[in-house]
Ligand code: UDP
């Protein structure tokens, strides 16, 4: 797509959102039978699936840690998920996204409960529209809980950025491509930041204000994550009671 003349007009973005609005979210918990925990997550035009396996044996064995679990995270973009076909397999970007996403989740996982074992997280991007790393982290956090991995809290993620000199929450593809800044953030519901990256430039005040916007977005997402998990497990419990 060519650069639109304006990304914001009269305070409304091209997709109809206000600057501080996140895109619509759809969550389904427990979508894969063979995973210990899983989640399908839609975040606007992003569609991702997260699968969690473990705690399980570590292969190769030399990756084992004697006092805690190893957490491994593989982010993968399907070749059909983007406008211009992506060459299959890992690349620099997916290795970086995998690393920062793992680091965004590790602080909430009680890794010391499972020495010599692995907790494996796989995130598959089926459709991308900017914000896939945040969608992946949101999905993975739910899939970890679904797998019964002991966690201090959930982690929620969304980006904040700047387009047409205005701070906006949760950038879409055009805003990401043609905007002035993009800052993906992940945090716990009590505001502990576990991921913060930035592309582009923000002033100190914009950074502070952006952080507050991201906090609000993450809290909204945390609520939806909780609701999705509660829905699955309360309906399972109802089933047990009715049996
Ligand atoms: N993208 C693409 N091809 C690629 C990598 C990315 O078309 O090989 C698009 C995709 O829509 C992605 C967006 O560019 O969501 C922004 O990518 P970025 O690296 O900022 O990561 P993201 O915002 O998805 O976490």
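Each value in this text was obtained by applying a stated rule to the coordinates, not by laboratory testing. Quick caveat: nothing in here was measured; it's all calculated off a predicted structure. Cβ placement follows ideal geometry from the backbone for every residue including glycine, while neighbour counts extend to all protein chains displayed.
Observations
- Reported count of residues in region 182-205, each being over 14 Å from residue 131 (Cβ atoms), part of a strand (DSSP E or B) and more than 11 Å from the ligand (Cβ to nearest atom), is 4.
- In region 88-104, the residues that are part of a helix (DSSP H, G or I), out of contact with any helix residue (DSSP H, G or I) (no Cβ under 6 Å at 6 or more places or on another chain) and more than 9 Å from the ligand (Cβ to nearest atom): 92, 95, 98, 99, 100, 102, 103
- Listed by first and then second residue, the pairs linking a residue in region 193-206 that is touching a residue at least 60 places away in the same chain (Cβ under 8 Å) to a residue that is part of a helix (DSSP H, G or I) and surrounded by 15 or more Cβ atoms within 10 Å (Cβ to Cβ), with Cβ atoms under 6 Å apart and 6 or more places separating them unless they lie on different chains, are 194/104; 194/107; 195/100; 195/104.
- Test: residue 139 is within 11 Å of the ligand (Cβ to nearest atom), under 12 Å from the mean Cα position of the chain (by Cα) and in contact (Cβ under 8 Å) with a residue 60 or more places away in the chain: no
- Scanning region 72-87 for any residue that is away from the ligand (no atom under 16 Å from the Cβ), surrounded by fewer than 21 Cβ atoms within 10 Å (Cβ to Cβ) and either under 25 Å from residue 196 (Cα atoms) or under 13 Å from the mean Cα position of the chain (by Cα) (or both) turns up at least one such residue.
- If the condition is being more than 10 Å from the ligand (Cβ to nearest atom) and without any contact (Cβ under 8 Å) to a residue 60 or more places away in the chain, then region 162-181 contributes 162, 165, 180, 181.
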